[in-house]
Every structure is written in structure tokens, then in C-alpha cells.
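Before any comments, here is the structure.
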Amino acid sequence: MTRIAFIGAGSTIFMKNIIGDCLHFPALDGVTFALMDIDAHRLEESALVARKLIAASGRSAHVETTLDRREALDGADFVVTAFQIGGYEPSTVIDFDIPKRYGLRQTIADTLGVGGIMRGLRTVPHLWAVAADMAELCPGALLLQYVNPMAINTWALAERFPNLKQVGLCHSVQNTVEELAHDLDLPKDEIRYRVAGVNHVAFFLELTHGGESLYPRLGEGYRAGRLPKPPLLMPRCPNKVRYEVMEHLGYFCTESSEHLAEYVPWFIKSGREDLIETFQIPLDEYPKRCVEQMADWSAQAASYRDAGEISFEKSHEFAAEIINAVVTDAPFPIYGNLPNRGQAPQLPMGAAVEVPCMVDANGVQPTVVDDIPPQLVALMRSQINVQELVVRALSEENAEHIYHAAMLDPHTAAELDLRQIRALVSDLLAAHGDMLPAFARMPKAA
């Protein structure tokens, strides 16, 4: 029977979505969910949720729990990773508070910028450890990788473990389609689209309804002030940045405005509070979400413990669809992040790129997209520059490339000079200490 190892199963809500999705597929009847986390309390809460989901589904499925990663991976057919090294405290707090001392403000700090760089340094060694265990214990398994920074992680995994079967997964494409359907009062299932780029900075190259492009409607609505509407998915994060970028570059980005604002040099600028106000950029958004999610989880955990069973609906995550497609050999289309082996010929080879993929018993197979407009290619390269330098730092154990990555980051470079960037990165490395690989560690700041 199919065995799915979930590394980071203490991410209970995410785990609930993936397990609930799997339970919708008859072909996965009898599946074993091997749940692993380093937090025994959160792991048991997740196991309770998983067992109640199974009971409500009527399916035959089994739940195992362990604090030992190797035990969970042994014999797995699929491996799902969903963890955050360093957590909200201390790491997220460090990634926001220290840059603010230098006047560098962020919104999410998990993908690019100094926050994304630090998260990559903390995260990749743990993904490498998972991949090394997989090579020994489940060499044929497919890694479904949900950890940020997605592009850095995917690239680094391929660099160290070229034979690893992996795909980086994100829900930004699905979320954006939902938001656009909301803005245009259209059924989301009727919108047709084609997307390509790098994770969080991919663009809708085609976006149609009934055979007609939706771009004229989006542009006219934005210029008239009708769009964007109040957001559907994140109420305090208006979507104005993406519309403004579309107005100037011609295409709509897949990741939210609060994310995109810190990937580019145009919106978060010292002395330009008018930009923050005009585009309603939610500075320090991710720490707020962390605090809220921790509070929400306490209430949810109590309700789950008391509930006789837990009802669930299918989510729009790709993981269960991929597993079912591989098991049944029934093709299913997804958007996946894979190392560039020619599927995005306008972007550097080896970089992690996000393109349409088909999944069946042969695994995840990317399609070729070779018509990305040059202005978008240029923007994507600005992201890839940073990602590559982080991967080089990790692969070569060269700490200087950490500094180079920050120096080439579009937002950081727009705000700080070279000496400020060097000092900032040194402070971040010292503060994160033992959470970083040995080559990147520095003495603790005074």
C-alpha cells in the first residue's frame, strides 16, 4: 500500500489539507500516513486530527507518528516536507528586527531579500538531510516540497542530489486565479491561463475567458479605480502592487502584492511614505500573521480535540492530485518548480523554474515555455541572481556569497549601500548562530 511520509507534520492545518485531499481518492484506500515532527505535542495533535479525518471519510487508512525522520521515511513512496527552521521566534523576529535597524523594511521575508536569504541558509541543510535519508531508505520516492524559499530550496536540492525525484509546490497560481475571478465576477473554473517564470515571480502569459483575453478588462478596471476589489483571501492586504506592475510590464504576477512589493525596488523606499500609502503595502505583515496563526491554532486545537469527527473539503493543493496521478497513471496537470533542464530556455539552466507540468506514473514532466516576454525575463533574472548566489554559498561553503546575494537583491540594494549591507548581513549571521550551517556562523553580536 502507498506510504506517505510527512516531515513537519506539526504544521497541522497544512497536514489536514493534504491528508483530507488524499482521502478523496479511492486509489489511495489503505494508505499509511507516517507523520514526523520534532515537537511531540504538536505531532500528537496532528495525529488526532488525521485519525478523525480518516474516521469521517470512511476510508481505510493508517497513521503512524514518530520523532525520528528516518523511521518515517523508511519505505516511503511519497515524502511531503512542510517545516520552518527557527520558527517565528527567534528566526522570523530576527529577520525583521535587525534589518529595521538599518532602515530596511519588509513585508513577508520568506522568499527573496535578506529575510529570504537567511531562511534559505537555515532551511537547505535540513532538506539536504531529508534527501540523503531518502537516497538510502526510499530511493524511488517523490519529494513534494512545500518549504520556502521555494526556488532556492529546489535549486539547492538538485545541485546536491541530482537524482532525487522532487517537485517544489506552491499555491500562488491557484490563489491568483481565485482573486482574479473575484475581481472580475467570473467563475474561477471558467478562466483559462498559462503561467511561467520563477516561483512567486511567474506571470500569466495567457489569461482568457470564453476565448477572450482578460487583460483589457483588468487594465481598464484598474485605471478607472474599480479594481482591485477588496481582497478575497487576505483582507488587510490590498492587491494594488500587482495591478501597478501589470500596468507597466503588461502581465499579472502569480504572487500576492505583499510579496511582490519586496521583490522589486519600486514600492518600499525610505522617505516615500506616499508609496506605502498609495499601494497600501502591509509592512511587517508576516510577523502579524505568525502571531495570529498561533492564537488561532490554540482555539482550533481545542475544538478538534472535542469534536467527535472532523469534516473536510478538498483543497486546491497539488500534493494529493500528484500522488493519485502517479499511483493510477491518470494524467493530471499542475504547476511545478523544477531545475531548468530546458523547459524555460530563456532562463539560466539549472535555476528553479515554474512551468506547466503533466503528472502520471512517469512522475512530474515539465512542458516547454519559450515565449516569456523580455521585460519579464529581465525581472526574473534579478531574482535568479540572488537565488544562485545563496545556492553557491551553501554548495561551496563560501560565506562571501551570502553577502553578494544581499548586495544583488533588488530591494536591499535600492535602500542600502555596500557597507551597510555587509554590516547588516554580519549582524543577521551572528544573531542566527547555531541555526545556520557552520561555515556561515559568526560570533554573537554584542
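The values are calculated or read from the model by the stated rules, or taken from the named source; none is laboratory data. In this text the structure is predicted, and so the values were computed from the model without any measurement. Cβ atoms come from the backbone with ideal geometry, glycine included; neighbour counts cover every protein chain shown. The area values use the complete protein model at the heavy-atom level, side chains included, leaving out ligands, DNA and RNA. Shrake-Rupley method; radii C 1.70, N 1.55, O 1.52, S 1.80 Å.
Okay, here's what the table says:
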| quantity | calculated |
| --- | --- |
| Accessible area per residue in Å² at 1.4 Å probe, computed on the chain | 39 |
| Spacing of the two label points (7 Å from each Cα toward its C-beta) at Lys288 and Arg160, in nm | 3.6 |
| Average silhouette area of the range 246-374, convex hull of alpha-carbon atoms, in square nanometres | 12.5 |
| Tensor-based shape of the range 290-345 (alpha-carbon gyration tensor, a/c under 1.5 rounded, otherwise prolate or oblate) | oblate |
| Three-way shape label, the range 350-446, alpha-carbon gyration tensor, a/c 1.5 | oblate |
| Estimated inter-spin distance, Ser60 and Val327, nm [label 7 Å along Cα→Cβ] | 1.3 |
| Cβ-based charge dipole, the chain, positive-most Cα from His432, Pro374, Gly225 | His432 |
| 222 nm mean residue ellipticity, helices alone, for the chain (DSSP H n ≥ 4; -39,500 (n - 2.57); rounded to 500) | -14500 deg cm²/dmol |
| Accessible-area value, Lys165, 1.4 Å probe, nucleic acids and ligands omitted, Å² | 110 |
| Separation between Cα centres of the range 249-316 and the range 414-429, rounded to whole Å | 26 |
| For Val195, distant residues with modelled amide H under 5 Å away | Leu205 |
| Gyration tensor verdict on the range 51-102 (Cα atoms; rounded if a/c is under 1.5, prolate if a/b is larger than b/c, oblate otherwise) | prolate |
| Solvent exposure, largest accessible area first (probe 1.4 Å, DNA, RNA and ligands not counted), of Trp297, Trp155 | Trp297, Trp155 |
| Protein accessible area in the chain, 1.4 Å probe - carbon and sulfur % | 52 |
| Longest to shortest principal axis, alpha-carbon extents of the range 1-107, angstrom | 55, 26, 23 |
| Compactness of the chain - radius of gyration and Dmax, Cα, Å | 21.4, 62 |
| GNM result for the chain, Cα springs below 10 Å: residue of Phe25, Phe204, Phe318 fluctuating most strongly | Phe25 |
| Mean Cβ neighbour count within 10 Å, used as a protection proxy, ranking 356-362, 403-409, 371-377, 3-9 highest first | 3-9, 403-409, 356-362, 371-377 |
